[in-house]
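Right, one structure below, let's go through it.
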Amino acid sequence: MDVYRRKFLKQAAAFTALGSVIDWASSARASDRCGELLPQRQLTPDGTKVTALCLGGWHVGVQETKKDAEKLLEFSMESGIRFYDTARGYQKGRSESYMGQLLIPRYRDSIFLMTKSPGKNAKQVRQHLDDSLRALRTDYLDLWQIHSINSPDDVDNRIREGVLDVFLEAKEQGKAKYIGFTGHRNPETHLHFLEHLDKRGLHMDTCQLPLNVCDPSFESFEKHVLPVLLDKQYGVIAMKTMAGGSMLGNRIDTTPKSIQSQDIPHLIEETEITLANLHQYVYALPVSSLCSGCEKLSQLEHNVNVLKNLQVLSESDRAKLVRMAKPFAGETVENYKRVLG
């Protein structure tokens, strides 16, 4: 067993001790006025829990009509999801607007609400916070995250321009109960930001990052960032579980021009990996929640059922999936990643 694996398992055990990984076999589940919740995991050291499946907000905003968005959100609530993701930059605010109109008025007291700001300076992120609160029709966010840090230089520039200070201020003022950051370009970027926070004696609450069966084989967040986050007791929110759809032969809008003409391999059709395996792999990691975007009710229903009937994978199961997925790792499938050079 290599040094990374020993360290990872040690820190995962500590994370379990905090209560972040629940007993999936337990039949007892929490419920609220809206019904039974999906299984929960701990997000922060103070004991705050969220449902282990979070509904991604990008796909809410791309619904063809407001009625379609309403159906998706209502089905999500009926299915037991209580963690909702969105961002100021999604469809120029339409995702937030849909949630503010369709979700918040009925369910604000029952959900954990997260949005994000892509702002590059203090003025922009302050404006984004005001706009998000207005669009979401709430006076506070459960979680507000710095959106999509993409390089060490980007981190340095945002910090120099006051972005981090505004986030810290929002938490102090109660406009955001928790704060965090997201990114999917390269592990070095996350580590650079965490190092800066350490130097200033600061600590954010959460990090959202790509975790999937391909990730361990290329610029791996699981190998290089996840153990550090666990050591620092960050809430870990997994994203890109299906590589933004690229594992299923679809292309997403962050594809570099250099590979846009390449055929996209279909991991499910070309391996023994099942669609359910993609989520099972991530749930086997010490993460707080898995954020998944669903354009169709059938996709959402499938993801809910995977969690409700979760097959817990062993370490050897996970290793087998990684081996099968390794030929698909890299910028063609994980086209949101970039090698820093």
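The values are calculated or read from the model by the stated rules, or taken from the named source; none is laboratory data. The shown structure was predicted, so the numbers you read here are calculated from the model rather than taken from an experiment. When we count neighbours, we look across all protein chains shown, and the Cβ atoms used for this are built from the backbone with ideal geometry, even at glycine. When the accessible area is computed, the model is the full protein with side chains, heavy atoms only, and any ligands, DNA or RNA have been set aside. Shrake-Rupley method; radii C 1.70, N 1.55, O 1.52, S 1.80 Å.
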**Q.** Considering residues of the range 191-220 that are without any contact (Cβ under 8 Å) to a residue 60 or more places away in the chain and under 19 Å from the mean Cα position of the chain (by Cα) only, the residue surrounded by the most Cβ atoms within 10 Å (Cβ to Cβ)
**A.** C207
Q) Pick from V333, V306, V282: which is at pLDDT 90 or above, touching a strand residue (DSSP E or B) at 6+ places or on another chain (Cβ under 6 Å) and crowded, with 17+ Cβ neighbours inside 10 Å? A) V282
Q: Please note which helices (runs of 4 or more DSSP H) are completely contained in the range 176-232 and include at least 3 residues that are closer than 27 Å to D317 by Cα and of a type in the set (A, V, I, L, M).
A: 226-231
Q.
Can you report the number of residues in the range 107-133 which are open to solvent by less than 40 Å² (accessible area, probe 1.4 Å) and in a loop (DSSP other than H, G, I, E, B)?
A. 2
Q: Mind listing just one residue for me: the one in the range 62-106 that is among the acidic types (D, E) and either farther than 20 Å from L129 by Cβ or part of a helix (DSSP H, G or I) (or both) and, of those, most open to solvent (accessible area, probe 1.4 Å)?
A: E64
Q. On the given criteria, is V236 hydrophobic (A, V, I, L, M, F, W, C), at pLDDT 95 or above and either more than 12 Å from the chain's Cα centre (by Cα) or in a loop (DSSP other than H, G, I, E, B) (or both)?
A. no
